[in-house]
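For reference, the structure is listed below as structure tokens.
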Amino acid sequence: MSSSCPACLGHCTLFASATVLEKYPAEYVRCANCGSVHIPDPYWLDEAYTEAIASTDIGLAARAIDLSQIVSLVITTFFRGASRFLDYAGGNGLLVRLMRDRGFAFAWNDPFATNLFARPFEGSLDATYDLVTAIEVLEHLTDPHDTVGKLCGLAPVFIATTELLPEPAPHPNDWWYYSLGSGQHVTFYTRRGLDLLAARHGRRVSNGGNVHVFADKPLSPLLLRLATSGQVSRSLTRLSRRPSLLREDYQSLTGQLPN
């Protein structure tokens with residue numbers, strides 16, 4: 001099997017096979033140019049997205065808490081003037097609520113999930129923002145070029161999270177991030193793959209672990225590594241904290257201030 005790479009358009013050849021959702025045969029191909037891996041024809045996606053959030057994603061709450069600290073510190077370190085934010089494909093809205101609690105005016109958008117925690121702070125894809133987050137989105141995309149183009153149109157900066165493909169590339173049964181049980185992860189990037197994907201849209205990618213900042217200029221690698229370190233972000237989170245929007249949000253919803 002051959003296919004074009006969704007990250008860089010390079011030529012791909014068969015890399016591995018596996019069983020997805022415990023019943024569907026899947027073929028994975030790898031790009032000869034950037035090394036990224038993807039599934040050319042994930043025909044089971046309608047079934048995989050019967051629920052927008054996979055039942056196996058038990059780390060969702062912990063991830064949102066950790067990322068609220070990390071994203072706060074990245075914004076404060078590099079994009080202090082930013083004031084309008086959107087969490088794209090924001091799931092149940094927990095990250096948006098946590099960011100608003102930290103004083104960052106985030107809005108939520110996700111056509112496939114139910115907003116449980118950030119109602120009514122919902123953002124339009126017809127608006128523009130200073131910074132957009134796309135948390136655990138890129139690995140779900142069959143056409144990342146299209147989605148990255150949309151994100152670049154929404155804001156000059158977007159922060160994405162995804163696990164980079166290790167080297168040597170593991171086979172599907174040897175790496176948890178292939179997520180065979182959920183069937184939702186279909187594209188797996190190398191650092192070069194992300195760089196080439198960003199370059200197609202005039203952006204540069206700066207990497208801090210599994211946090212990737214797409215902007216017009218690269219960020220300081222040292223500062224970004226510090227900002228995206230869980231231990232450092234927990235220690236310095238008070239420095240990035242703005243006055244919480246909790247009281248203001250409550251008043252906008254009820255007309256009253258909380259006691």
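The values are calculated or read from the model by the stated rules, or taken from the named source; none is laboratory data. Just so it is clear, the structure is predicted and the values come from calculations on it, not from any experiment. Here Cβ is always computed from backbone atoms with ideal geometry, including for glycine, and neighbour counts include all displayed protein chains. Ligands, DNA and RNA are excluded from the accessible area calculation, which covers all protein heavy atoms including side chains. Shrake-Rupley method; radii C 1.70, N 1.55, O 1.52, S 1.80 Å.
Values for this structure:
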item: Residue list for segment 101-137, filter: touching a residue at least 60 places away in the same chain (Cβ under 8 Å) and surrounded by 24 or more Cβ atoms within 10 Å (Cβ to Cβ); result: 104, 133
item: Count - residues of segment 144-165 that are exposed (fewer than 15 other Cβ atoms within 10 Å of the Cβ) and in contact with a Ser or Thr (Cβ under 9 Å, 6 or more places away or on another chain); result: 1
item: Extreme residue, farthest from residue 199 (Cα to Cα), among residues of segment 8-22 that are touching a strand residue (DSSP E or B) at 6+ places or on another chain (Cβ under 7 Å) and not in a strand (DSSP E or B); result: 10
item: Residue tally, condition under 19 Å from residue 184 (Cβ atoms) and part of a strand (DSSP E or B), over segment 139-168; result: 2
item: Filtered residue count, segment 177-191, keeping only those that are in contact with a Gly (Cβ under 6 Å, 6 or more places away or on another chain) and either under 9 Å from residue 48 (Cβ atoms) or open to solvent by 30 Å² or more (accessible area, probe 1.4 Å) (or both); result: 0
